[in-house]
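*Asks:* Sending over a structure as structure tokens; questions will come in a sec.
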């Protein structure tokens, strides 16, 4: 037995093959059962795909590397719940490709940042962070407020996500399906043929960059930040959750 073990360790090819087989077997044992457990991703009322404007804002968030310093996953620990709010639910990320859970926090977690600050605050914070938080090490992003938002390919972006299972609608049948699933207001925001019109309408109505004359990258990014953590009514969960910490 020892001779066989020694022989395997000395043969790099065999060792690699057996190592991969062991890793594959272990991975399958852990992953496959999740596809057959209905509770793996709990059904949570309120979770929906991003609107066209929010989707462009998320793209900018990723482009600027915001995820390298900010996580979007609150762990189920008392200190995190007291600081950030209810722990993150798996269902909140089911339309994220890729998800923004993160593994490092140079800055605070942003999973519940939506509605916490005004549009003015976010615009000023992104333009000059230390004007609001003197100890911040966050870079300035002044160009967001002066760079016109490019949404010429928004339909293609939504179509790409549609192929991954995100329920953006292209046909009338898919639109009606979304009306039943999310309600008419949300269904309209998910309809690909109307993506540009919906993006412009949301930007003008929300006035996220506090400048109604232009639709900028700041509009999109603030729109994205302002919806984070606002889709789920956590009052339905908080009572049972915080009992654990009393």
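The values are calculated or read from the model by the stated rules, or taken from the named source; none is laboratory data. Fair warning: this is a prediction, and the values are worked out from it, not measured in the lab. Positions of Cβ are generated from backbone atoms using ideal geometry, with glycine treated the same way; all protein chains shown enter the neighbour counts.
*Asks:* Give the stretch 174-199 a look and list any residue that's touching a residue at least 24 places away in the same chain (Cβ under 8 Å), within 23 Å of the chain's Cα centre (by Cα) and more than 19 Å from residue 46 (Cα to Cα), or say none.
*Replies:* Residues satisfying the conditions are 192, 195, 196, 198, 199.
*Asks:* Now, a different point. In the list 82, 149, 132, 144, which residue meets the criterion of being assigned by TED's automatic domain parsing to the domain that holds residue 190 and farther than 24 Å from residue 208 by Cα?
*Replies:* 82
A quick yes/no check of all residues on (1) modelled with pLDDT under 95; (2) within 21 Å of residue 188 (Cα to Cα); (3) in contact with a strand residue (DSSP E or B) (Cβ under 6 Å, 6 or more places away or on another chain); (4) surrounded by fewer than 16 Cβ atoms within 10 Å (Cβ to Cβ):
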residue	(1), (2), (3), (4)
78	yes, no, no, yes
106	yes, no, no, yes
111	no, no, no, no
126	no, no, no, no
142	no, no, no, yes
153	no, yes, no, yes
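*Asks:* A further question on this structure: Looking at this structure, is residue 97 touching a helix residue (DSSP H, G or I) at 6+ places or on another chain (Cβ under 7 Å) and closer than 21 Å to residue 186 by Cα?
*Replies:* It is true that residue 97 is touching a helix residue (DSSP H, G or I) at 6+ places or on another chain (Cβ under 7 Å) and closer than 21 Å to residue 186 by Cα.
*Asks:* Moving to a separate point now. Does the stretch 213-234 hold any residues that are in contact with a strand residue (DSSP E or B) (Cβ under 8 Å, 6 or more places away or on another chain) and modelled with pLDDT under 95, and which are they?
*Replies:* Matches in the stretch 213-234: 214 only.
*Asks:* Any idea how many residues of the stretch 27-63 are at pLDDT below 95 and either in contact with a strand residue (DSSP E or B) (Cβ under 8 Å, 6 or more places away or on another chain) or outside any loop (DSSP other than H, G, I, E, B) (or both)?
*Replies:* Residues in the stretch 27-63 being at pLDDT below 95 and either in contact with a strand residue (DSSP E or B) (Cβ under 8 Å, 6 or more places away or on another chain) or outside any loop (DSSP other than H, G, I, E, B) (or both): 10 in total.
*Asks:* Continuing with the same structure: Which is closer than 27 Å to residue 73 by Cβ, free of Cβ contacts under 8 Å to residues at least 12 places away in the same chain and surrounded by 14 or more Cβ atoms within 10 Å (Cβ to Cβ), of 117, 168?
*Replies:* 117
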